[in-house]
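See below for the structure under consideration.
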Amino acid sequence: MSGSLLSTVTQIMDRGQNTNSYKFALLRSLAAFGIQHGNGEEVISREWLAERFIEFYWPITVRFQIRQATVLDKDPVVMKFIRNETNELGLPPEMPLRRYRDQHSDRYGELVARTAGNAFDDVIPRFHTVARRKIKPRLYKIDGEDIIIGKKQRMFLRENHKTLDLLAVGAWVKFTESFTSAPRLYEKIQGLEPTRSTLTRYRNFLLSWGEPSCFYCSEPVRNNSDVDHVVPWSFIAEDKIWNLVLACDQCNGDKLSATPADMFINKLNERNHQLLEVGDDNILDAKIRKELAEWRGRDLAEHIWMLVNRCRADGFGTWGP
């Protein structure tokens, strides 16, 4: 039975319907259920599934803004619910789900209820459909609005939960690549927090490089001024000197997760050209020197424009002071 169920999962991920990413989220939910204690037949309610879906879709909606359809308003309904919630509350992109849940428990309950009532009518009955036919054995049966996990299926989920989650994430990434070329998709969709560097070394270096002024409005900045990612961190998900500038509180707060106007991209490329001309001078610490060395002999400006255009195509917008 275990091998047959694994074959079922492989067929669904490889050849099943790909109208949206719900089937990947559903498999991840089933894998998460496998971790729970118990051996007998069990019911998975739509409310429990809704909480898992919100957990999976929250970071790719709020933090990383990863498109799941060619047209933005065709994104899965759970993303629309999450997006409406964050817009109504004015939540920042870095707001984690757990903090929203703690601070707005009533609204979170309503979000779960809306998701439970609207997200699963298609994916639950169609999950086992491959090439327009239902395949067996199935991971669950349906009783009304609930999923029923049998004893053997539950054992399969428990023994293979990690493998199933990896399969689902890999297939989800492949699906998402049809709509975006955003970097580090695997980490973002898996829900991992991409490693953030401390920005102190970059701030200290930028303060010492030329006049300490805001990259956007040219107003003087303080020694503890903000370090801004020109191409938004929520898109690029990495800290590199060639994408970092000093910004005043006003500009950094207004820009948020947008790309700046083209004139600032040109300004950044000119600044980077000057940095690349420094060579191995001692004014550069080892980390910054390494980040620049990776681009010697390569077209960094072209790379930055590529990132900017991809970012804008994904709906991040353009900002100017």
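The values are calculated or read from the model by the stated rules, or taken from the named source; none is laboratory data. In this text, all values refer to a predicted model and were calculated from it rather than measured experimentally. As a convention, Cβ positions derive from the backbone with ideal geometry for all residues, glycine included, and neighbour counts pool all protein chains shown.
For the condition farther than 25 Å from residue 185 by Cα and not assigned by TED's automatic domain parsing to the domain that holds residue 181, what is the one hit in 301, 237, 258, 286? Reasoning before the result, please.
Numbers: 301 fails: farther than 25 Å from residue 185 by Cα; 237 fails: farther than 25 Å from residue 185 by Cα; 258 fails: farther than 25 Å from residue 185 by Cα.
Of the residues listed, the single one that is farther than 25 Å from residue 185 by Cα and not assigned by TED's automatic domain parsing to the domain that holds residue 181 is 286.
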* State whether the residues of the range 108-120 include one that is exposed (fewer than 13 other Cβ atoms within 10 Å of the Cβ), among the hydroxyl-bearing types (Ser, Thr, Tyr), within 30 Å of residue 149 (Cα to Cα) and free of Cβ contacts under 8 Å to residues at least 60 places away in the same chain. => no
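Looking at the range 75-95, is at least one residue basic (Lys, Arg) and in contact with an Asp or Glu (Cβ under 6 Å, 6 or more places away or on another chain)? Don't jump to the end; show me each part of the working.
Restricting attention to the range 75-95, the residues satisfying the condition of being basic (Lys, Arg) are 80, 83.
Among the residues that remain, those that are also in contact with an Asp or Glu (Cβ under 6 Å, 6 or more places away or on another chain) are: none.
The answer is no; no qualifying residue exists.
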* To do: Considering only residues that are without any contact (Cβ under 8 Å) to a residue 24 or more places away in the chain and out of contact with any Ser or Thr (no Cβ under 8 Å at 6 or more places or on another chain), look in the range 78-91 and name the one that is nearest to residue 52 (Cα to Cα).
  => 80
* From 41, 94, which residue is in contact with a Gly (Cβ under 6 Å, 6 or more places away or on another chain) and at pLDDT below 90? -> 41
* Structure fact -> The residue that is nearest to residue 213 (Cα to Cα), considering only those in the range 251-273 that are in contact (Cβ under 8 Å) with a residue 60 or more places away in the chain and in a helix (DSSP H, G or I), is 251
* Asked: Within the range 122-138, can you find the residues that are surrounded by 13 or more Cβ atoms within 10 Å (Cβ to Cβ) and either among the hydroxyl-bearing types (Ser, Thr, Tyr) or without any contact (Cβ under 8 Å) to a residue 60 or more places away in the chain (or both)?
  -> 129
* Structure fact -> Residues in the range 175-205 that are in contact with a helix residue (DSSP H, G or I) (Cβ under 9 Å, 6 or more places away or on another chain) and outside any loop (DSSP other than H, G, I, E, B) total 10
* To do: Starting from the range 296-321, keep only residues that are more than 17 Å from residue 255 (Cα to Cα) and free of Cβ contacts under 8 Å to residues at least 24 places away in the same chain, then list their pairs with residues that are assigned to a helix (DSSP H, G or I) and of a type outside the set (D, E, K, R) whose Cβ atoms are within a distance under 8 Å, requiring at least 6 positions of separation or different chains.
  => 296/276
* Is at least one residue of the range 55-72 over 23 Å from the mean Cα position of the chain (by Cα) and either part of a loop (DSSP other than H, G, I, E, B) or not hydroxyl-bearing (Ser, Thr, Tyr) (or both)? -> no
* From 247, 301, grab the single residue that is over 18 Å from residue 218 (Cα atoms) and not basic (Lys, Arg). => 301
* Please work out if residue 126 is farther than 23 Å from residue 193 by Cα, in the same structural domain as residue 6 (by TED's automatic domain parsing) and charged (D, E, K, R). => yes
* What is the one condition in (1) among the acidic types (Asp, Glu); (2) part of a loop (DSSP other than H, G, I, E, B); (3) farther than 28 Å from residue 286 by Cα that residue 211 does not satisfy? -> (3)
* Boolean, residue 142 is surrounded by 14 or more Cβ atoms within 10 Å (Cβ to Cβ) and either among the β-branched types (Val, Ile, Thr) or within 28 Å of the chain's Cα centre (by Cα) (or both) -> no
* **Among residues of the range 134-158, those that are more than 11 Å from residue 31 (Cβ to Cβ) and in a helix (DSSP H, G or I), counted** => 5
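Could you tell me how many of the residues in the range 92-106 are over 20 Å from the mean Cα position of the chain (by Cα) and either within 30 Å of residue 140 (Cβ to Cβ) or of a type in the set (A, V, I, L, M) (or both)? It would help to see each step written out before you state the result.
In the first step, residues of the range 92-106 are kept if they are over 20 Å from the mean Cα position of the chain (by Cα); the result is 102-106.
This time we only want the ones that are either within 30 Å of residue 140 (Cβ to Cβ) or of a type in the set (A, V, I, L, M) (or both), so: 105.
Number satisfying all stated conditions: 1.
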